[in-house]
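To keep things clear, I will list the structure first and then write my remarks on it.
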Amino acid sequence: MNRVAFYGSSLLSSYWNGAATYYRGIIKAMAGHGFDVTFHEPDAFDRQSHRDIEVPDWARVNVWPATPEGLSEAAARAAEADIVVKASGVGYADDQILTQVMAAARPDALRVFWDVDAPATLAAMQGNPDDALRRMLPELDLVLTYGGGDPVIEAYRALGARDCIPIYNALDPDTHHPAPPQDRFQADLGFLANRLPDREARVAEFFLRPAFALPERRFILGGSGWQQEQMPGNVRCIGHVGTADHNAFNCTPRAVLNVARDSMAATGFSPATRVFEAAGAGGCLITDYWEGIELFLRPDEEVLVARDGQDVADLMCNLPAERFAIIGDNARRRVLAEHTYDRRAEQLREVLQQARSRHRAPQSEVAL
């Protein structure tokens, strides 16, 4: 059996939970490769009242009370698994989850930390020698990240990780695909992201600056935390957009924008889920520049890359309308060929096989 106990923020809700699409894509693909995954998520941050999927047929979900007692009961279930995964950014008692889950894991189980925000996690460890994860790193079998490239790999190894391997974001073609446009999403440029402190300056540059410069153009902003009164008059804020509406959101505007958080842009090799969602829907994506973009999409052919807000404005004004459609179609072809979650799950299977072969604890026969 390949029983996996996965402790993360939420599989069922994308509300203030940007990792939801990534979790869903990779875990669904894992199920297709023979893994039996139970996702353990706390009932926290009002996510359960904002579910955008119900429990799927490709995973079990244990929603546990966000209390010390609920945590203890959920952590004890790690003993049921052959592979125990603690993800970063649960948001509730992360250090306690890590220590209790790994303590409950069987000696023969693989112990994995899965980092969905490596720059923030590494900064916390580097600034605190007593950080719980930093102290535990040498005991873990493997660190996985959803981005970061060589700088992140080297930083983790320097802190004592046995190995660190990126499993990048990707596309689930069953959930992100072309959809009919919807009038409520009509705009020249759409941007979908929750408001976060370490992205605001870049949003001001890459989204608000073009909006101010192009008052005759229409801009639409989806995501939690934005306030309409703080926006230019040609920007329409629509609040949280559930994942079921992401396809229409990506297909309706002439182009959609990706803006990396400060830390992700600085680190590079960290494509957001939005990149693959937009490409999978055939939307024309304009992204701020970050190192490694060409590993995933070819600039000017499959994605438009902007160095600043003026570049965004110039693209919106000068690119022929038919060119936007061509770039979106090219991007969809590329991600379907090379960047699906099924491809990522194949990679993950090989990575776990290698980790199993290096596992130092007494082993039972667990076929991967």
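The values are calculated or read from the model by the stated rules, or taken from the named source; none is laboratory data. Fair warning: this is a prediction, and the values are worked out from it, not measured in the lab. All Cβ positions, glycine included, derive from the backbone under ideal geometry; neighbour counts span all protein chains shown. Note: accessible area is taken over every heavy atom of the protein model, side chains too, but ligands, DNA and RNA are not part of it. Shrake-Rupley method; radii C 1.70, N 1.55, O 1.52, S 1.80 Å.
Residue-by-condition table, conditions (1) over 20 Å from residue 19 (Cβ atoms); (2) open to solvent by less than 40 Å² (accessible area, probe 1.4 Å); (3) among the acidic types (Asp, Glu); (4) part of a loop (DSSP other than H, G, I, E, B):
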{"position": "62", "(1), (2), (3), (4)": "no, yes, no, no"}
{"position": "73", "(1), (2), (3), (4)": "yes, no, yes, no"}
{"position": "76", "(1), (2), (3), (4)": "yes, no, no, no"}
{"position": "79", "(1), (2), (3), (4)": "yes, no, no, no"}
{"position": "96", "(1), (2), (3), (4)": "no, no, no, no"}
{"position": "103", "(1), (2), (3), (4)": "yes, no, no, no"}
{"position": "106", "(1), (2), (3), (4)": "yes, no, no, yes"}
{"position": "119", "(1), (2), (3), (4)": "no, yes, no, no"}
{"position": "124", "(1), (2), (3), (4)": "no, no, no, no"}
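With the requirement that a residue be open to solvent by 30 Å² or more (accessible area, probe 1.4 Å) and either farther than 13 Å from residue 261 by Cβ or not basic (Lys, Arg) (or both), what does the range 184-207 give you?
Filtering the range 184-207 down to residues open to solvent by 30 Å² or more (accessible area, probe 1.4 Å) leaves 184, 186, 195-202, 204-205.
Result: 184, 186, 196, 197, 198, 200, 201, 204, 205.
Just checking: which of the strands (runs of 3 or more DSSP E) contained wholly in the range 245-329 hold 1 or more residues that are of a type in the set (A, V, I, L, M, F, W, C), open to solvent by less than 50 Å² (accessible area, probe 1.4 Å) and out of contact with any Gly (no Cβ under 8 Å at 6 or more places or on another chain)?
Numbers: elements: 255-258, 285-288, 304-306.
Strands (runs of 3 or more DSSP E) meeting the threshold: 285-288, 304-306.
Would you mention how many residues in the range 333-361 are in contact with a helix residue (DSSP H, G or I) (Cβ under 6 Å, 6 or more places away or on another chain) and open to solvent by 60 Å² or more (accessible area, probe 1.4 Å)?
Total satisfying the criteria: 1.
Considering every residue within the range 148-166, establish whether at least one is open to solvent by 20 Å² or more (accessible area, probe 1.4 Å), on the phi < 0 side of the Ramachandran plot and touching a Cys at 6+ places or on another chain (Cβ under 7 Å).
There is at least one residue in the range 148-166 that is open to solvent by 20 Å² or more (accessible area, probe 1.4 Å), on the phi < 0 side of the Ramachandran plot and touching a Cys at 6+ places or on another chain (Cβ under 7 Å).
Within the range 20-33, identify whether any single residue is in a loop (DSSP other than H, G, I, E, B) and either open to solvent by 10 Å² or more (accessible area, probe 1.4 Å) or of a type in the set (Val, Ile, Thr) (or both), and answer yes or no.
Within the range 20-33, the subset in a loop (DSSP other than H, G, I, E, B) is 33.
So of that shortlist, the ones also either open to solvent by 10 Å² or more (accessible area, probe 1.4 Å) or of a type in the set (Val, Ile, Thr) (or both) come out as 33.
Within the range 20-33, one or more residues are in a loop (DSSP other than H, G, I, E, B) and either open to solvent by 10 Å² or more (accessible area, probe 1.4 Å) or of a type in the set (Val, Ile, Thr) (or both).
Go through the range 126-147 and report how many residues are more than 18 Å from the chain's Cα centre (by Cα) and open to solvent by 30 Å² or more (accessible area, probe 1.4 Å). Step through it out loud before you land on a result.
In the first step, residues of the range 126-147 are kept if they are more than 18 Å from the chain's Cα centre (by Cα); the result is 126-142.
Subsequent filtering for residues that are open to solvent by 30 Å² or more (accessible area, probe 1.4 Å) retains 126-130, 134-135, 138-139.
Counting residues in the range 126-147 that are more than 18 Å from the chain's Cα centre (by Cα) and open to solvent by 30 Å² or more (accessible area, probe 1.4 Å) gives 9.
Is it the case that some residue within the range 65-85 is touching a Gly at 6+ places or on another chain (Cβ under 7 Å) and closer than 25 Å to residue 120 by Cβ?
In the first step, residues of the range 65-85 are kept if they are touching a Gly at 6+ places or on another chain (Cβ under 7 Å); the result is none.
Checking the range 65-85: not a single residue is touching a Gly at 6+ places or on another chain (Cβ under 7 Å) and closer than 25 Å to residue 120 by Cβ.
Show the residue pairs that are 6+ apart or on different chains and have beta-carbon atoms under 7 Å apart, the first residue being within the range 204-224 and under 16 Å from residue 306 (Cα atoms), the second being of a type in the set (Val, Ile, Thr).
206/259; 206/312; 207/259; 210/312; 211/235
Please enumerate the residues belonging to the range 82-94 that are within 24 Å of the chain's Cα centre (by Cα) and part of a loop (DSSP other than H, G, I, E, B).
Step one: filter the range 82-94 for residues within 24 Å of the chain's Cα centre (by Cα), giving 83-94.
Correct list: 88, 89, 90, 91, 92, 93.
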